[in-house]
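Just so you know, all these numbers are worked out from the coordinates, no wet-lab data involved. Every value quoted in this text rests on a predicted model; they were computed, and no experiment measured them. Cβ: placed from backbone, ideal geometry, glycine included. Neighbour counts: every protein chain shown.
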Amino acid sequence: MQKLIASVTSRLVISIPYLWLLVFFLIPFIIVFKISLSEVAMAIPPYTPVVDITAGIKSVFNSISQFSWDNYVWLVEDPLYYKAYISSLVIAIVSTFLTLIIGYPIAYGMARAPATIRPTLLMLVILPFWTSFLIRVYAWIGILKPEGLLNQFLMWANVIDTPLNILNTNTAIFIGIVYSYLPFLVLPIYSALEKMDYSLVEAAEDLGCTPLMAFWKITFPLSMPGVIAGCFLVFIPATGEFVIPDLLGGSSTLMIGKTLWSEFFSNRDWPVSSAVAVILLLLLVVPIVLFQRSEAKAQESEK
């Protein structure tokens with residue numbers, strides 16, 4: 001009886017995450033995909049559904065042949081959309097790389113710090129989350145604008161003679177993304193480094209490795225799970241980011257998040273905006289799934 005209760009309990013616990021994904025991911029994705037196959041219309045909501053789910057299963061199957069892929073064809077034919085996808089991916093990759101360059105030393109320093117001050121350092125990393133994300137992005141406008149704090153300080157220090165034009169450029173977007181998502185990269189790397197057995201580094205140095213060689217051969221490979229997790233946590237939201245490009249990048253910035261918002265709210269073209277969202281999701285999810293499968297196969301081969 002106890003084994004039966006334990007089995008039912010374990011299955012219930014395992015089913016909760018799948019139920020969460022079903023309710024908050026799969027069902028909304030199906031709704032968005034359904035809207036992407038619809039036609040735009042002057043109505044509320046502003047589209048004409050090709051498939052009516054409420055009409056019954058038989059009606060749905062009869063309507064499958066009426067699926068309209070015109071919105072996806074439009075995304076391929078209009079250069080605005082694939083340029084926005086490419087620009088978003090490039091900005092996300094560069095931002096993730098910069099975040100890794102800055103975040104890894106911070107995580108390494110936290111992991112090697114005395115155990116008594118690690119909670120304080122961890123709190124300082126999490127501290128920005130206590131302030132609204134929107135307020136923190138708005139604060140960078142006051143810092144980066146021509147008459148902002150950064151230019152005033154550099155001119156006071158005689159580093160520059162004229163104000164730098166940073167706001168409304170890709171540089172401002174990189175700064176905003178790195179600042180906003182830095183904790184998401186620091187925390188997974190810190191978690192991996194804190195659990196590492198540093199006696200392995202000492203053994204490598206005793207065998208003749210320099211501290212730098214020991215880092216690249218021992219420390220960095222052992223921290224790769226944290227690096228990969230942190231990079232995903234930065235890259236995925238940065239690709240679809242809207243607030244930072246809109247506030248810091250200006251009107252000339254081309255990113256898929258801004259394009260999606262414009263189609264949805266300005267043009268009120270829900271079918272096209274839904275198609276943009278579906279393609280964006282596939283661009284992010286499919287590589288991650290393939291990577292996880294390759295990692296699982298690699299771990300099985302090692303065993």
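Numerical summary
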read-out	value
Hz values of 3J(HN,Hα) by residue in the stretch 280-297 - Karplus curve (6.51, -1.76, 1.60), Gly and Pro given as x	4, 5, 5, 4, 8, 7, 4, x, 5, 4, 4, 5, 5, 5, 5, 5, 5, 5
D197, D161 arranged by Cβ crowding within 10 Å, fewest neighbours leading	D161, D197
Using a Förster distance of 41 Å, the FRET efficiency for K297-W156 (Cβ separation, nearest 0.05)	0.10
In Hz, Karplus ³J(HN,Hα) per residue of the stretch 158-173 (6.51, -1.76, 1.60; θ = phi - 60°; x = Gly, Pro)	6, 7, 10, 9, 10, x, 7, 9, 9, 5, 6, 10, 5, 4, 5, 5
Simple Cβ-charge dipole of the stretch 116-209, Lys/Arg +1 and Asp/Glu -1, about Cα centre, in debye nearest 20	520 debye
Size-normalised alpha-carbon gyration radius of the stretch 69-302, reference 2.2 N^0.38 Å	1.21
Value of relative contact order over the chain, rounded to a whole percent, pairs C-alpha under 8 Å and six or more apart	25 percent
Pairs of lysines in the chain (C-alpha under 25 Å apart; 8 or more residues apart or interchain)	10
Value of Rg/Rh across the stretch 217-272 [Cα atoms, Kirkwood radius]	1.25
Over the stretch 166-277, equivalent-ellipsoid semi-axes from the Cα gyration tensor in Å	42, 15, 10
Label-to-label distance, nm, for residues given as S15 and F129 (7 Å Cα→Cβ offset)	3.1 nm
Amide H contacts under 5 Å for V40, placed H, 5+ residues apart	T48
